[in-house]
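To start, the structure under review is shown below, and the notes come after it.
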Ligand SMILES: [Zn+2]
């Protein structure tokens, strides 16, 4: 039975949820974590999807982030694509904070079997997590479509206009999935299978409503789906346990005694 019954949790109820989740962490041996956008914001990144930024972006670029980061704009208006991409995704690169070190601890004690990242900053690799599935790709990879050489985010960010491969002189493309591009089914399948096999799933910093999160966590059949997110959302009822607050405060507290 869920300890969460809708509405804001009372203080003692929150403590009870914390204790339950700690116990499950001790008992579970096959945990999958899903990292969402709030973990990036807590680590110093920009949330281009928040209302203020959406408004600013619309005004500044005359288009939405979906449009600007689309395969169509990349194919036909590379200047426009890279202007946005460099300024909005490569100038404020987050660095992993306490939430990611807590995940590393879960890995070190042998409980964390996979991390499914919904983000593009590779924060999971920054702390040495091994089994990471990045649904959206990663800003640390930019490659030349001709020679497949890899280029760093700094190389791309500091180039003037459209970044080109220094050997082939053709435009480099980012390693993230662009809007309108096909999803990598192999990645989804691996993530969904890991959730199906897991004895506990922890979703960090995103609600359960998004299509990608739903698809992945929907395969989990247990009763230890824990959600840690900043604010309530109607989809929270799909979680067995919900904790509201910063993931970089709550998760370290939960794994502290392991
Ligand atoms: Zn090249």
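Overview of results
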quantity	calculated
Span per principal axis, largest first, for the Cα atoms of segment 28-116 (Å)	48, 26, 19
Gained length - residue 215 relative to residue 62, 0.36 nm times residue gap less alpha-carbon distance	51.9 nm
Residue among 66, 211, 79 with the largest mean-square fluctuation in a Gaussian network model of the chain, springs linking Cα atoms under 10 Å	211
Residue order, fewest to most surrounding Cβ atoms within 10 angstrom, among 130, 142	130, 142
Packing rank of 191-199, 118-126, 239-247, where each peptide gets the mean count of other beta carbons within 10 Å, highest leading	118-126, 239-247, 191-199
Extension gain (nm, one decimal) between residue 196 and residue 184, 0.36 nm per residue minus Cα-Cα	2.5 nm
Whole-angstrom gap from segment 148-185 to segment 186-258, using each part's C-alpha centre	31 Å
Residue 166-residue 18 pseudo-label distance in nm [points 7 Å out on the Cα-to-Cβ vector]	5.2 nm
With Cα atoms, 0 to 90° folded angle of helix 11-27 axis to the chain main axis	80 degrees
Kirkwood Rh and Cα Rg combined as Rg over Rh, evaluated for segment 148-258	1.12
When segment 65-178 is reduced to its Cα atoms, the Kirkwood hydrodynamic radius in Å	15.2 Å
Contour excess over end-to-end distance, with Cα ends at residue 231 and residue 244 and 0.36 nm allotted per residue	4.1 nm
Residue 149-residue 55 pseudo-label distance in nm [points 7 Å out on the Cα-to-Cβ vector]	4.4 nm
Sites residue 256 and residue 29, calculated FRET efficiency, Cβ-Cβ separation with R0 22 Å, nearest 0.05	0.75
Cβ-Cβ FRET estimate between residue 87 and residue 108, R0 fixed at 45 Å, reported to 0.05	0.75
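No value in this document is a laboratory result; all are computed from the given coordinates. Since the model is a prediction, treat every value here as computed from it, not as a measurement. Glycine gets a Cβ as well: all are built from the backbone with ideal geometry, and neighbour counts include every protein chain shown.
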